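Structure record follows, encoded as structure tokens.
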Amino acid sequence: MKTDLTDTTASKINKALVLGRRAIGTPAIGMVLTLVIVTDEENAYDALKAASDAAHEHPSRTLVVIKRVSRSPRDRTKSRLDAEVRLGADAGTGETIVLRLYGDVVDHAQSVVLPLLLPDAPVVAWWPVNAPLDPAGDPLGALAQRRVTDTYACEEPVRELAARADAYTPGDTDLSWTRITPWRSMLAAALDQVDCKVQSVEVEGEEDNPSCELLAMWLADRLDVPVERTASAGPGLTAVRMDTDCGPVVLDRADGSLANLSIQGQPARAVALKRRETAELIAEELRRLDPDDTYASALRFGVDRLSAPRKGGSGGDGGGAVAVAAPVETVAKARAKDAAQEKAPVKKAAAK
């Protein structure tokens, strides 16, 4: 069941939810959390599809906040809220409300979202793209217990990681960190099979891939050994090589699907290590709503590590590349400059 509301209010949206549940014969609310997705029109479909797939495991009320950009000064002064309420088969196992904000109400999205949150239920905020530098300081992020970003979608992921470390608040997480969960599990299991001391580590993967950087930070933080970051053609993470006093331990994934685990003195074995879809990543993040201390420790360690040169490996041309840790202010200025360049053609066209 789908209900379209034009120039509406949060009160009218709540009434539409009640009437819709009665119409389809499900007056009770059986959802466990509220998922707030803050995105744009371009990425709204993919984000909503991923959330809908994840809702099979975590029934939730999904609020999609789309901030529409008004081109003319007159339209920017007019506030309007349009909503699309989806229930039943159109929303999967939960409820979906698509909110489109126009004019001044764009700067007060929290006042629209707050009345629509499920009572006495956790709130998770997710920015598929264009996440704020300080998610906890954002008005919508302040409503949530967990705040999910994705540095992979940023123009400069390494600088973004440095900014995330500066602004980290318990409850923050990143899908680039979620992507390496199988790698971390496999490497931990491999080290459990040997009684050796790790002396050095090499992490190989795409250049400027935040997941590769986070895995290198995690290994350096937990093992307290030198970690060399080398570049390859990808896709994503391609290999981790650990030198131990008992011989090398290598986890190699060249095709992005099947990996090969080699341990000195043991036969090599193939392990499934495929690249996961966004729906699987979101479902994993929704399983835990407490702060991720391991992520925080790895992220903060990376602020110092990212100031050092990264040596290129045989698989790429990253020799001598330097990833400099940038403060939040630097990233903010870069974003503002990019935004100004994007708006410039529109202004010129208007002048003509």
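Laid out as a table, the results:
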quantity	calculated
Linear extension gain, GLU42 paired with ASN130, 0.36 nm per residue minus alpha-carbon span	30.5 nm
Debye intensity ratio in log₁₀ form over the Cα atoms of the range 121-174, taken at each q of 0.13, 0.14, 0.20, 0.26 Å⁻¹	-0.26, -0.31, -0.62, -1.01
Check: the range 81-181 dipole with +1 on Lys, Arg Cβ and -1 on Asp, Glu Cβ, in debye	260
Per residue value of the accessible surface for the range 98-155 (all protein chains in place, 1.4 Å probe), Å²	40
Rounded, prolate or oblate (a/c below 1.5 giving rounded, otherwise prolate when a/b exceeds b/c) for the range 243-304 by Cα gyration tensor	oblate
Kirkwood hydrodynamic radius over Cα pairs of the range 188-279, then Stokes diffusion coefficient at 20 °C and 1.002 mPa s, in µm²/s	158
Nearest-20 debye value, the range 163-281 charge dipole, Cβ charges on Lys, Arg, Asp, Glu	400
Distance histogram for the range 52-164 (every C-alpha pair counted, 5 angstrom bins, percent rounded to whole numbers)	2, 10, 18, 20, 20, 16, 10, 4, 0
Reachable aspartates and glutamates, given that their alpha-carbon falls under 13 Å from the alpha-carbon of LYS78 and they are not under 8 places away in the same chain	ASP7, ASP104, ASP107
Proximal charge balance of ALA279 [Cβ under 9 Å; K/R count +1, D/E count -1]	-1
Accessible surface of the range 119-252 [probe 1.4 Å, protein heavy atoms]: carbon and sulfur percent	45
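The values are calculated or read from the model by the stated rules, or taken from the named source; none is laboratory data. All values reported here derive from a predicted model rather than from experimental measurement. Methodologically, a virtual Cβ is constructed for each residue, glycine included, from the backbone with ideal geometry; neighbour enumeration extends over all protein chains shown. The protein model used for the area step is the full one, side chains on, heavy atoms only, and it has no ligands, DNA or RNA in it. Shrake-Rupley method; radii C 1.70, N 1.55, O 1.52, S 1.80 Å.
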